Amino acid sequence: MYFIDPHVHMISRVTDDYERMARMGCLAISEPAFWAGFDRGSADGFRDYFHHLTGFEPTRAKWSGIQHYTWLCINAKEAENVSLSREVMSVIPEFIDKPNVLGIGEIGLNKNTRNEATIFAEQVDLAVRFGQSILIHTPHLRDKYKGTRMIVDMLLADTRVEPERTLIDHVEEHTVRLAKEEGFWCAMTLYPTTKCTPARAADIIEMYGDERIMVNSAGDWGPSNPLAVPDFVQEMRRRGHPDSKIKKIVYDNPLEFFSQSKHFNFQPPDTLAARTNPVPDEEPVPVK
Ligand SMILES: [Zn+2]
């Protein structure tokens, strides 16, 4: 089945992962800006990162015929540093018109601190001023309900925010209603150990329906699986759900949400150009 992975950090993955995802039916991915595993020391570190997300990464995805989109921000963890965050926010407009940028993300909360909340609100303001969609990270485990509640309250307090252009990610059983009831989009992250498993995600779909919800692998540098979306497809089929319902969650819904971003120029499979293999000379190739 064709699918779109709406949240995967391909910068942390090898080219073989793109290839495997393509073979399983992946047509497009979106890659939010995130924490690198260490706190970057300067806004220039982020500038280089944004260059990577808007330059080389779409090129590398194209080698496997996958369309690559991205989101820009300073992540919740590094947002604790308010002065650095404001410097990074001043860099983002340099990249906002790059052809694969869908919006501002993944902004959010990590430990639900005052500094994180300040920078979250300022990045929401940045998104609104530039007419961008928003992709939101919610905290892990015990901080999740409180953090999601804080995020929803801050979004509702800013009357300029359009819920239909805002995606609240990493929802679980106890937070999915918070996000959906106010008209936001939401997504479940399929992780091997923490967050949702494919079975838990299928349970949530059965309880809360398939409107304004999607699933992603959030594949990154930690234990994660870039083929988690196909695993969810298998779980749904095993339970007897029709392919039309599964396709809505893994393909139609991300398409509908992303289509609100002016740079989303999705090419359906029957219009895709032949995949570029071998790698053409003019594109960067690995130096061995
Ligand atoms: Zn992420």
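Read the figures in this text as sums done on the coordinates, not as results from a lab. In this text, all values refer to a predicted model and were calculated from it rather than measured experimentally. In this analysis, Cβ positions are derived from the backbone assuming ideal geometry, glycine residues included, and neighbour counts consider all displayed protein chains.
Structure data summary
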read-out: Under 5 Å, built H, 5+ apart or other chain: amide partners of residue 214; value: 186, 187, 188
read-out: Helical mean residue ellipticity (222 nm; -39500 (n - 2.57) per DSSP H run of 4+; nearest 500) of the chain; value: -11000 deg cm²/dmol
read-out: Stokes-Einstein D (µm²/s) once Rh is taken as the Kirkwood radius of segment 16-171 over alpha-carbon pairs, at 25 °C in 0.890 mPa s; value: 153
read-out: Cut-off under 5 Å, modelled amide H: who pairs with residue 107 long-range; value: 135, 137
read-out: Contour excess over end-to-end distance, with Cα ends at residue 244 and residue 111 and 0.36 nm allotted per residue; value: 44.0 nm
read-out: Out-of-range pairs (alpha-carbon distance over 27 Å; input 144/180; 62/144; 180/247; 195/248; 98/146); value: 62/144; 98/146
read-out: Mean-position separation - Cα centroids, segment 71-125 and segment 230-251, in angstrom; value: 34
read-out: Relative contact order of segment 3-266, pairs being alpha-carbon contacts under 8 Å that are 6 or more residues apart, as %; value: 19
read-out: In Hz, Karplus ³J(HN,Hα) per residue of segment 7-19 (6.51, -1.76, 1.60; θ = phi - 60°; x = Gly, Pro); value: 7, 8, 9, 5, 4, 8, 10, 8, 4, 4, 5, 4, 4
read-out: 10 Å binning of all Cα-Cα separations within segment 3-266, expressed as whole percents from 0 upward; value: 7, 34, 39, 18, 2, 0
read-out: Burial ordering of 113, 197, 189, fewest other beta-carbon atoms within 10 Å first; value: 113, 197, 189
read-out: Taking 142, 20 and counting other C-beta atoms within 10 Å, the order from fewest to most; value: 142, 20
read-out: Under 5 Å, built H, 5+ apart or other chain: amide partners of residue 70; value: 31, 101, 102
read-out: Counting all C-alpha pairs of segment 205-264, share separated by more than 18 Å (%); value: 42
read-out: At most 11 other Cβ within 10 Å, DSSP loop - GluC sites (Glu not before Pro), segment 100-195; value: none
read-out: Student exercise, the chain dipole from Lys, Arg, Asp, Glu Cβ charges, in Debye to nearest 20; value: 460
